[in-house]
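The values are calculated or read from the model by the stated rules, or taken from the named source; none is laboratory data. In this text the structure is predicted, and so the values were computed from the model without any measurement. Here the Cβ positions follow ideal geometry from the backbone for every residue, glycine too, while neighbour counts run over all protein chains shown. The protein model used for the area step is the full one, side chains on, heavy atoms only, and it has no ligands, DNA or RNA in it. Shrake-Rupley method; radii C 1.70, N 1.55, O 1.52, S 1.80 Å.
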Amino acid sequence: MNSLSINTLRKTITMKNEKKRKLIEILGKSSQPISSASLAKMLGVSERTVRNYVNQINEERSNQISASKNGYEIVRQNLDEPSNTFHAQKRIYCLLSRLLASSDSISVFDIAEELMVSESTIFNVVIPEAKKIVSSFHLKIESKNYNLFLTGSERDKRKLIGSLVSEHTYGYFTSMETLEQFFPDFDIKRIWKKLYNICLETDLFLNNYAFNNFLVHIMILMIRLESNDSLKSYSSLGNVDKLLSQFEEKDAIVLLADQIVQLFSEIFGQPIPEGDYEQILIFIALSLDHGFHHILTELINEDFILNIVKMMNTMAHRYNIPEFDREFILQFSLHMYQAYQRCQFHMSYPNPIMNQIKTEHALIYDMAVWLAHEFSKLYEIELTEDEIGFIAFHIGGRLENSKQIESNITCIILVENYHNFTKKTVEEIKTVFSHDMIILDIMSIDQYAFLQPKCDLLISTLPSSIMHAHKVTVNPILTKRNILSIWDEIEKIKEQKNFKKTKGFLEILLDENLYFRNIFLNSPNDYIQFMGKQCQKLNYIQEDFIKDVLLRENVSSTAFTDYLAVPHSIHQYADQSFICIIHNDAPILWGKKHVQFILMIGISKDDMRSFTNAFELIVERFYSTEKVLEMLNTNSFEDFKNALLR
């Protein structure tokens with residue numbers, strides 16, 4: 001068999017394994033059985049292939065999927081038993097840990113024996129998945145004579161370890177436990193404890209998150225050095241001394257670095273090379289917390305902060321969100337300064353909640369992408385997706401705390417007699433919810449039954465048979481539980497009002513002339529070009545809009561779920577707001593995901609205030625397996641629109 005045939009075979013096997021993984025994931029997320037026809041649509045294969053996948057999965061994983069007249073579903077396991085999916089992932093991570101811990105190659109036969117699987121399982125199942133993971137770090141797994149090698153730079157190998165330690169595809173672990181799993185030959189607990197005690201005795205202050213990451217990085221450095229894998233010196237950059245000169249704590253930083261070097265020498269009986277010593281200095285310096293006075297006067301120059309202010313204000317205007325206050329700007333300026341320094345020194349913190357932020361808070365993530373792009377252009381650097389995730393975390397946290405509440409929920413309070421104790425209850429409700437609702441009237445049950453006035457929320461101080469979509473019965477003397485019940489109902493009303501308003505906005509954006517079925521092109525760029533040209537023909541956009549969408553896609557993939565890509569601009573506004581839709585029966589590769597729906601969105605400047613809720617609603621729809629199935633089974637524009645907005 002020639003090399004071309006072998007490569008084709010490998011690609012076929014990898015794709016097949018990916019389809020089987022996705023089938024398990026789909027069934028795992030569904031609360032009800034799914035038919036083979038529906039699964040075939042979601043996977044882009046035939047029903048016969050679905051049945052074959054199910055049989056293969058059950059042979060490999062001990063009857064994980066059951067079949068009935070209603071369809072297929074996952075056999076729910078006892079919570080005390082480890083899942084088969086977990087075991088499959090464990091094999092991949094075991095292979096990676098052996099490759100990372102070895103200074104030479106590892107034998108396929110040895111790893112197969114250790115994992116208690118066949119050599120064919122290693123080649124056909126474990127290695128393809130492991131290759132996908134390492135490729136994200138510019139590394140390769142190569143094989144020769146049944147021996148496996150991990151090739152690539154030492155810096156990239158350390159980044160891989162940091163990512164694996166901080167984040168696991170199927171759940172999170174503590175950093176120490178994960179290091180123990182990866183490197184069983186090292187006394188991780190003893191080294192960790194000694195490192196921890198050294199850091200506690202220093203005069204330096206590291207916040208909890210940075211401290212944990214710092215310990216992880218130092219542990220990785222020590223493990224790699226023991227395997228004789230060191231970094232080149234930073235002296236060619238000439239920046240380490242310059243970096244340290246900015247810190248009042250320079251002497252304390254050097255002292256802590258020297259203590260870590262001494263610890264390494266005591267444990268492993270060898271010195272730390274110069275390049276790695278400089279790496280330790282950088283880790284310490286970029287993990288410190290600083291007071292605002294130090295930020296303004298010594299660490300960050302005024303122009304840097306002014307640039308951050310300008311970017312934040314522009315972003316707030318663009319996305320129609322509240323402007324950020326001075327305190328947050330200062331805190332965020334420090335974060336961006338440290339992100340800049342990390343980028344300069346090719347250092348990054350793995351972000352354990354990166355994927356969660358991107359999928360569950362798509363719009364916040366998009367704001368972070370915009371800001372990261374502006375920052376990168378200005379300072380001529382490239383921020384990683386992990387760094388973008390941290391930016392989104394900061395922005396999202398601030399927006400949640402400063403969320404503006406629209407006071408448009410109307411309320412009527414029902415009382416038996418408006419005596420003093422009832423007046424006190426009403427006044428307390430007014431005080432607690434003054435920014436959340438308008439109290440239209442206070443009346444008796446009989447008055448309400450006779451007048452039947454309209455309101456969003458009905459609060460009654462006594463039980464009644466009156467019907468209302470949003471009714472809360474409270475005690476004459478208000479309790480904490482009563483207050484929580486009112487809050488819950490207010491949130492439900494807000495969600496309903498928001499959905500109604502957003503639905504109306506989306507209905508305006510959807511145009512049957514921009515709906516396409518089964519368009520198959522070569523790449524995301526080709527799809528963006530195709531959809532952009534259709535929108536340009538109908539005068540929704542100008543040529544520059546298409547270029548801007550391509551730029552946004554280049555910064556970070558807009559495939560936010562396994563079924564949906566939402567290409568959109570990063571700077572340009574549309575002449576008229578629109579949504580262009582492609583619905584394909586077979587999945588297409590978009591970034592790292594396979595999607596069947598592409599929704600290109602363009603928003604005019606006047607409509608930006610409505611964009612936030614519309615964007616979130618669209619992405620939210622594609623989280624639900626049931627809703628995705630409903631949309632996959634549509635064949636016309638009207639059916640798709642109804643399924644999306646129902």
Quiz item: Is there a residue in the stretch 558-572 that is open to solvent by 10 Å² or more (accessible area, probe 1.4 Å), closer than 22 Å to Glu47 by Cα and part of a strand (DSSP E or B)?
Solution: no
Exercise. Tell me which of these Phe390 doesn't satisfy, since it passes every other one: (1) surrounded by 13 or more Cβ atoms within 10 Å (Cβ to Cβ); (2) modelled with pLDDT under 85; (3) closer than 19 Å to Phe615 by Cα; (4) of a type outside the set (S, T, N, Q).
Key: (3)
Quiz prompt | Residues being open to solvent by less than 90 Å² (accessible area, probe 1.4 Å), of a type in the set (Asp, Glu) and assigned to a helix (DSSP H, G or I) - total across the stretch 301-329 | solution = 0
Practice problem: Give the number of residues within the stretch 602-630 that are buried (at least 18 other Cβ atoms within 10 Å of the Cβ), free of Cβ contacts under 8 Å to residues at least 40 places away in the same chain and assigned to a helix (DSSP H, G or I). | Solution: 2
Practice problem: Return yes or no: is Asn635 assigned to a loop (DSSP other than H, G, I, E, B) and modelled with pLDDT of 90 or more? | Solution: yes
Self-check item: Condition met for Leu599 (modelled with pLDDT of 85 or more, assigned to a helix (DSSP H, G or I), open to solvent by less than 40 Å² (accessible area, probe 1.4 Å) and hydrophobic (A, V, I, L, M, F, W, C))
Solution: no
Exercise. Kindly provide the set of residues from the stretch 517-545 that are in contact with a helix residue (DSSP H, G or I) (Cβ under 8 Å, 6 or more places away or on another chain), open to solvent by less than 80 Å² (accessible area, probe 1.4 Å) and either assigned to a loop (DSSP other than H, G, I, E, B) or farther than 24 Å from Gln572 by Cα (or both), ordered by number.
Key: Ile519, Leu521, Ile541
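Does Phe137 satisfy being modelled with pLDDT of 70 or more, in a loop (DSSP other than H, G, I, E, B) and more than 15 Å from Arg98 (Cβ to Cβ)?
Yes: the conditions hold for Phe137.
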Exercise. Select from the stretch 425-449 the residues that are more than 40 Å from the chain's Cα centre (by Cα) and loosely packed, with under 13 Cβ neighbours inside 10 Å and write down the one among them that is modelled with the lowest pLDDT.
Key: Asp446
Quiz item: For the stretch 463-499, how many residues are charged (D, E, K, R) and either within 22 Å of Ile445 (Cα to Cα) or open to solvent by less than 50 Å² (accessible area, probe 1.4 Å) (or both)?
Solution: 2
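Over 29 Å from Leu148 (Cα atoms), at pLDDT 75 or above, of a type in the set (S, T, N, Q) and in a strand (DSSP E or B): does that describe Ser66?
Numbers: over 29 Å from Leu148 (Cα atoms): yes; at pLDDT 75 or above: yes; of a type in the set (S, T, N, Q): yes; in a strand (DSSP E or B): yes.
Considered against the rule, which asks whether it is over 29 Å from Leu148 (Cα atoms), at pLDDT 75 or above, of a type in the set (S, T, N, Q) and in a strand (DSSP E or B), Ser66 comes out as yes.
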